[in-house]
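Have a look at the structure below before the remarks.
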Amino acid sequence: MSKHRRLIVLLASAIAAGGMAFAVQAAVPAYACACGAFAPPEGLHGSLDMSSEASILSLQGGQETIEMRLGIDSLTTETGLIFPTPAPAKVSQGAVSDFESVGTEMTPEILTGNDWWTGWLRFGFGTAGGAAPSGGAPTVIDQVQLGPVQATTLAATDAAGLTAWLDENGYGLRPAVSALLSRYVDMGWYFVALKLTGAEPIYGELDPLTFSFASDRYVYPMALSQAATTPQKVFLYVFADHKQDVSFLDGTGTYNTVLWARAVRDPELQKRGAYLTAFYLDYYAPQSQIKDDLLLSQAANDDEVGTVIDHKNYVSFFGIPMGWILLTIGLVTGLLIWRRINLRKKSTFVPPVYR
């Protein structure tokens, strides 16, 4: 499925789910993505934009996998991204075809038909969902080169030492982001430091990167985006045994739109999980709206969402539904016929003669 067709399918699913329109390719300036924090070298903070973020999540055998794809427009060949994880992450190259398969899986059934009764009435109405080392500089657990991206997995128990290491290695974190690192260090989380190392700037979508780490629950890092100064938008495709809900780790709810929810039909995708739930999250004020990292948990039911789009052909005349026009014509015609019959009866009435 082409990129454009996949985006059309996602938009159509969102409309079916909640009557809401959104900009999939809206530009999100630098400094943060929903999953972590961009860290370009000092002086280059305005040279990178993120145009999209999408992640496929699965959890099997105590191992969570996040396959992430970012759309990046970079004016520099050097920039970084800090991605926190609750356990040391193994980073590998993902496949674009996985996202294409998810797009195909999320193709809704289109029901068509004529609607004679709603015209202007339909406008404006929508449907109302391992232990880390101690002290000082961080320890490099693993480092791999994946195309133009270098991924370094770090363990740290000292936020100042972690910040110093990142700075020395060309990751330019803003103070607002550095201040949030201590939260993860205190929780015993780990970090993946990603760096673009290609010879040319990147315009468009990076090949997906896969993060795999030990976990007994679905989590998705978000808290670093509390330092973001621009809206944060993300698509999450979650494979599990049942339909999922999304909230913050602290138990508070979070704004989200469920784009899709249905048992998986593709045999290959079923290996990730029997049920697919797709979310769209949009934080227009991340500093106040993002409370914590995200937690995915089983929903109360497996009701389907977005799987059917009822496409109506509205039959109208100058915006007036033809059904109402024909009904009105019928009523007026009937009234005229009834009146004519009664007038005829009156004109032929002969009063009785009494003798």
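As an exercise: evaluate GLN63 against (1) under 24 Å from TYR284 (Cβ atoms); (2) at pLDDT 55 or above and give the number of the one condition it does not meet.
Every condition holds for GLN63 apart from (1).
Considering each residue of the range 263-279, count those that are basic (Lys, Arg) and outside any loop (DSSP other than H, G, I, E, B), and give that number.
Selection size over the range 263-279: 1.
Just a yes or no: is a residue in the range 154-177 within 22 Å of PRO208 (Cβ to Cβ), modelled with pLDDT of 95 or more and either in contact with a His (Cβ under 9 Å, 6 or more places away or on another chain) or surrounded by 15 or more Cβ atoms within 10 Å (Cβ to Cβ) (or both)?
yes
Just checking, does the range 130-151 include any residue being at pLDDT 90 or above and exposed (fewer than 12 other Cβ atoms within 10 Å of the Cβ)?
Scanning the range 130-151, I find at least one residue that is at pLDDT 90 or above and exposed (fewer than 12 other Cβ atoms within 10 Å of the Cβ), so the answer is yes.
Residue check: is ALA261 assigned by TED's automatic domain parsing to the domain that holds ILE82 and more than 22 Å from VAL185 (Cα to Cα)?
Details: assigned by TED's automatic domain parsing to the domain that holds ILE82: yes; more than 22 Å from VAL185 (Cα to Cα): yes.
Spelling it out, ALA261 is indeed assigned by TED's automatic domain parsing to the domain that holds ILE82 and more than 22 Å from VAL185 (Cα to Cα).
Does SER182 fit the bill of being at pLDDT 90 or above and touching a helix residue (DSSP H, G or I) at 6+ places or on another chain (Cβ under 6 Å)?
So SER182 passes the test.
Quick one: is VAL234 modelled with pLDDT under 95 and assigned by TED's automatic domain parsing to the domain that holds LYS291?
Yes; evaluated as a whole, the condition is true for this residue.
Consider the range 149-194. How many of its residues are part of a loop (DSSP other than H, G, I, E, B) and either hydrophobic (A, V, I, L, M, F, W, C) or not assigned by TED's automatic domain parsing to the domain that holds ARG69 (or both)?
3
Taking the conditions exactly as written (more than 30 Å from ALA156 (Cα to Cα) and either touching a Gly at 6+ places or on another chain (Cβ under 6 Å) or not in a helix (DSSP H, G or I) (or both)), does VAL258 satisfy them or not?
It is true that VAL258 is more than 30 Å from ALA156 (Cα to Cα) and either touching a Gly at 6+ places or on another chain (Cβ under 6 Å) or not in a helix (DSSP H, G or I) (or both).
Mind listing just one residue for me: the one in the range 222-232 that is touching a strand residue (DSSP E or B) at 6+ places or on another chain (Cβ under 7 Å) and surrounded by fewer than 24 Cβ atoms within 10 Å (Cβ to Cβ) and, of those, nearest to ALA176 (Cα to Cα)?
Out of the qualifying residues, it is ALA227.
Out of everything in the range 191-219 that is modelled with pLDDT under 95 and of a type in the set (Val, Ile, Thr), what residue ends up being farthest from PHE239 (Cα to Cα)?
Ranking the candidates gives THR197 first.
Among the residues of the range 264-271, are any out of contact with any His (no Cβ under 6 Å at 6 or more places or on another chain), under 24 Å from TRP189 (Cα atoms) and among the acidic types (Asp, Glu)?
No, there is no match, as no residue in the range 264-271 is out of contact with any His (no Cβ under 6 Å at 6 or more places or on another chain), under 24 Å from TRP189 (Cα atoms) and among the acidic types (Asp, Glu).
The values are calculated or read from the model by the stated rules, or taken from the named source; none is laboratory data. Every value quoted in this text rests on a predicted model; they were computed, and no experiment measured them. So basically every Cβ, Gly included, is an ideal-geometry build from the backbone, and we count neighbours across all protein chains shown.
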